[in-house]
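K.L.:
For reference, the structure I am asking about is given below.
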Amino acid sequence: MNARELLEQSPVMPVIVIQDIDTAVDLARALVDGGVRSLEITLRSDAALEAIRLISQAVPEALVGVGTVRSARQLESAINAGARFGVSPGFTPDIARAARQTGIPFLPGVATATEAMLAADEGCTAQKLFPAQAVGGTALLKALYGPLPDIVFCPTGGINAANARSYLDLPNVKCVGGSWLTPEAAVAGRQWGAITELARQACAL
Ligand code: 3PG
């Protein structure tokens, strides 16, 4: 699978922070039950690598990836734990090259035309627009489509159930990402039915 195909797996990609390792597998199951396939487990908590390992083993229907990748070394550790794709909030040639060597789909984060072009030069024509709402949202994506129609985006940052549709309607958006599918209180309260319902609604977008 390449990065463009990754974006076509489902219209939403949850951006997940696992605080309590005991919630990892149930949370992944709840999301998959709602129709989500790709899960971005971010390296923003100590439990992240263990969560990637556990979910990869226990929920084979999920396509587990690693997010918030800030170095080639982090990417390597996550792949060793079972990550099958990588996402970064920014673009560095070093990480993009490391990802290419491993062969896994990789989405670098970009916020400008220049960054999008630099990432495309490294072979990344599927990218994460981040932080999407803050840097211009749908207006920016429409503007980028003119000169860069071959680049496709997964916008994240400020996306929610109310504005996701306006992004998904754009020709250069294949999926959207965000944390709205995994509200902290619902995860801590183990409200798996509620999370499955959020995932279901998002997948119907
Ligand atoms: C990300 O890393 O993609 C963002 O932190 C997700 O942004 P959100 O919390 O606004 O959805």
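The values are calculated or read from the model by the stated rules, or taken from the named source; none is laboratory data. Small disclaimer: the values here were computed from a predicted structure and weren't measured. Don't worry about glycine lacking a Cβ; one is built from the backbone with ideal geometry, like all the others, and counts go over all protein chains shown. Heavy atoms of the whole protein, side chains included, go into the accessibility calculation; ligands, DNA and RNA do not. Shrake-Rupley method; radii C 1.70, N 1.55, O 1.52, S 1.80 Å.
K.L.:
Sort the following peptides by mean Cβ neighbour count (other Cβ atoms within 10 Å, averaged over residues), highest first: 13-23, 165-175, 123-133.
P.N.:
Answer by packing, highest mean first, reads 123-133, 13-23, 165-175.
K.L.:
Let me ask something else about it. Would any residue of segment 133-172 have its amide N under 19 Å from a label point 7 Å out along Cα→Cβ of MET117? List them or say none.
P.N.:
Inside the label zone: 140-153.
K.L.:
At 7 Å along the Cα-to-beta-carbon direction for both ALA162 and GLU184, put a label point, then send me their distance in nm to one decimal.
P.N.:
Those two pseudo-labels are separated by 2.0 nm.
K.L.:
Using θ = phi - 60° and the Karplus curve 6.51 cos²θ - 1.76 cosθ + 1.60, what whole-Hz ³J(HN,Hα) does each residue of segment 88-95 get, with Gly and Pro shown as x?
P.N.:
Coupling constants for segment 88-95: 10, x, x, 10, 10, x, 4, 5 Hz.
K.L.:
Still on this structure: If you find the alpha carbon centre of segment 153-205 and of segment 71-141, how far apart are they in angstrom?
P.N.:
About 20 Å separates the Cα centre of segment 153-205 from the one of segment 71-141.
K.L.:
Here's a follow-up. Residues in segment 3-23, backbone N under 12 Å from the label point at ALA58 (7 Å along the Cα-to-beta-carbon vector): list them, ranges by number please.
P.N.:
The answer is 20-23, whose backbone nitrogens lie closer than 12 Å to the label point.
K.L.:
Let me ask something else about it. Please report, to one decimal in angstroms, the Kirkwood hydrodynamic radius of segment 136-175 built from all distinct Cα-Cα pairs.
P.N.:
Averaging 1/r across every pair of different Cα atoms and inverting gives 10.2 Å.
K.L.:
For a quick protection proxy, order the peptides 91-103, 58-70 by their average other-Cβ count within 10 Å, most packed first.
P.N.:
Per-residue Cβ counts within 10 Å, averaged per peptide and sorted highest first, yield 58-70, 91-103.
K.L.:
Under the rule of at least 5 residues apart or a separate chain, name every residue whose amide H is placed under 5 Å from the amide H of LEU107.
P.N.:
Amide H to amide H, under 5 Å and 5 or more residues apart or across chains, LEU107 pairs with GLY86, VAL87, SER88.
K.L.:
Also, quick follow-up: Determine the gain in length on full extension of the stretch ASP150-GLU5; use 0.36 nm per residue of separation and subtract their C-alpha separation, reporting nm with one decimal.
P.N.:
50.8 nm
K.L.:
Now a separate question. Taking a ≥ b ≥ c as the square roots of the Cα gyration tensor eigenvalues, with a/c under 1.5 meaning rounded and otherwise prolate when a/b beats b/c, else oblate, which class fits segment 100-187?
P.N.:
oblate
K.L.:
To continue, here is another question. Quick one: compute a quarter of the convex hull surface over the Cα atoms of the chain and quote it in nm².
P.N.:
Computed as one quarter of the Cα hull surface, the answer is 9.8 nm².
K.L.:
What ratio of Cα Rg to 2.2 N^0.38 Å holds for segment 141-205?
P.N.:
Rg over 2.2 N^0.38 Å, computed on Cα atoms: 1.31.
K.L.:
Would you report the distance distribution of C-alpha pairs in segment 1-78 as whole percents per 10 angstrom bin, up to the bin with the largest distance?
P.N.:
Pairs per bin, as whole percents: 20, 54, 25, 1.
K.L.:
Counting only residues 5 or more places away or on other chains, whose amide H sits under 5 Å from the amide H of LEU63 once H atoms are built in the peptide plane?
P.N.:
SER38, LEU39
K.L.:
Something else now. Please work out the average accessible area per residue across the chain, using the 1.4 Å probe convention, and give it in Å².
P.N.:
Result: 43 Å² of accessible area for each residue.
K.L.:
Additional query: So if R0 is 35 Å, what FRET efficiency would LYS142 and ARG37 give, r being the distance between their Cβ atoms, rounded to the nearest 0.05?
P.N.:
0.80
K.L.:
Projected area of segment 24-64, taken from the Cα convex hull and averaged over every viewing direction, in nm²?
P.N.:
Taking the Cα atoms of segment 24-64, their convex hull projects to 2.4 nm² on average.
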